[in-house]
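Peer 1: Here it is, the structure, as structure tokens.
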């Protein structure tokens, strides 16, 4: 079974996720399929094959490239969600403005399909801000029913981040690990501070498992392999 067939056949009562490599994830809830920062370098998958995307979310201008334009050509009804400061870069990559929905921190995007309802909220990935462009890098809080998936984008810890996220009752926190992002300790601390049920690092850091098992045995986490799917447990 191909990855796209697996995604299309997955109908679950809770959200399901697939890791595409780097910062790329697919999130599916019933018949709704969202792609976040899609990446195609680690999988035998072409963006031209992706004809089922309902929304494609880019967390910053550097996550927008010709592959997203190709996905939009194949997924005729999809729109690209992106920070408002990234719209010109997206247009330069071949994406017409009418296929974009721009957003910023504090705004909400609503999506309806097959009597299902999803909301997408934004939180800044850093505190850089300009009056004209808003926040150039965003994280997204994607709400399906009582489940909220937080994709942090290219984020590093900053003062007040947990306060911004805590009201959303995050079920799964997707957090980037690396020198410019979170350490395993910082990721675990944020997950604890916001009460996230599950912590998902991307990519898996060599010391992540050791740190979690040694210092945070009560925090549930999931480590993906590229192309692997996972359904959020009911509890």
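Read-outs: derived from the displayed coordinates by stated rules, not from any lab. Remember, predicted model here, so these are calculated numbers, not experimental data. Heads up, the Cβs are rebuilt from the backbone with ideal geometry, glycines too, and the neighbour counts pull from every protein chain shown.
Peer 1: Return the percentage of antiparallel bridges among DSSP beta bridges fully within the chain, rounded to the nearest 5 %. Could you put the intermediate results ahead of the total?
Peer 2: Values: 33 of 54 bridges.
About 60 percent, rounded to the nearest 5.
Peer 1: Taking the chain as a Gaussian network, where each spring joins two C-alpha atoms under 10 Å apart, which residue of 121, 150, 158 fluctuates the most?
Peer 2: Of 121, 150, 158, the Gaussian network model singles out 158 as fluctuating most.
Peer 1: Just want to confirm a number: the relative contact order over the range 3-231, from Cα pairs under 8 angstrom separated by 6+ residues, in percent.
Peer 2: Working: 498 pairs, mean separation 36.7, N = 229.
Averaging sequence separation for qualifying contacts and normalising by length gives 16 percent for the range 3-231.
Peer 1: Continuing with this model, one more query. Taking the DSSP beta bridges in the range 143-235 as the whole, what percent of them are antiparallel, to the nearest 5? The partial results should precede the final answer.
Peer 2: On the way: 2 of 13 bridges.
For the range 143-235, the DSSP antiparallel bridge percentage is about 15.
Peer 1: Now, a different point. Can you put 143, 63, 108 in order of Cβ neighbours within 10 angstrom, beginning with the fewest? Could the numbers behind the result be given before it?
Peer 2: Values: 143 22, 63 25, 108 11.
With the sparsest Cβ surroundings first, the list reads 108, 143, 63.
Peer 1: While we're looking at this one, here's another question. Based on DSSP H runs of at least 4 residues, each adding -39500 (n - 2.57), what is the mean residue ellipticity at 222 nm of the chain after dividing by all its residues, to the nearest 500 deg cm²/dmol? All intermediate terms of the calculation are to be shown ahead of the outcome.
Peer 2: Working: 6 runs with 46 residues, N = 235.
The helix-only estimate for the chain comes to -5000 deg cm²/dmol at 222 nm.
Peer 1: Which of 49, 228 comes first, and how do the rest follow, when ranked by fewest Cβ neighbours within 10 Å? If you can, show how the numbers build up before the last one.
Peer 2: Details: 49 15, 228 12.
So the residues, fewest neighbours to most, are 228, 49.
Peer 1: Please label the shape of the range 182-235 as rounded, prolate or oblate, based on the square roots a ≥ b ≥ c of the eigenvalues of the alpha-carbon gyration tensor (a/c under 1.5 means rounded; beyond that, a/b larger than b/c means prolate, else oblate).
Peer 2: Working: a/c = 1.76, a/b = 1.14, b/c = 1.54.
Oblate, because a/c is 1.5 or more while a/b does not exceed b/c.
Peer 1: Taking 30 Å as R0, compute the FRET efficiency from the Cβ-Cβ separation of residue 115 and residue 228 and round it to 0.05. Walk me through the intermediate numbers first.
Peer 2: Working: r = 30 Å, r/R0 = 0.99.
Step by step, r from the Cβ atoms, then E = 0.50.
Peer 1: To the nearest Å, what is the center-to-center distance of the range 144-175 and the range 17-84, using C-alpha atoms only?
Peer 2: Here the answer is 20 Å between Cα centres.
Peer 1: Then there is this: Round to a whole angstrom and tell me the spacing of the C-alpha centers of the range 190-235 and the range 102-137.
Peer 2: About 25 Å separates the Cα centre of the range 190-235 from the one of the range 102-137.
Peer 1: Here is a further query. Compute the Cα gyration tensor for the range 31-124, then decide on rounded, prolate or oblate, letting a ≥ b ≥ c be the square roots of its eigenvalues: rounded whenever a/c is under 1.5, prolate when a/b is larger than b/c in the other cases, and oblate in all that remain.
Peer 2: Working: a/c = 1.61, a/b = 1.10, b/c = 1.46.
It comes out oblate by the Cα gyration axes.
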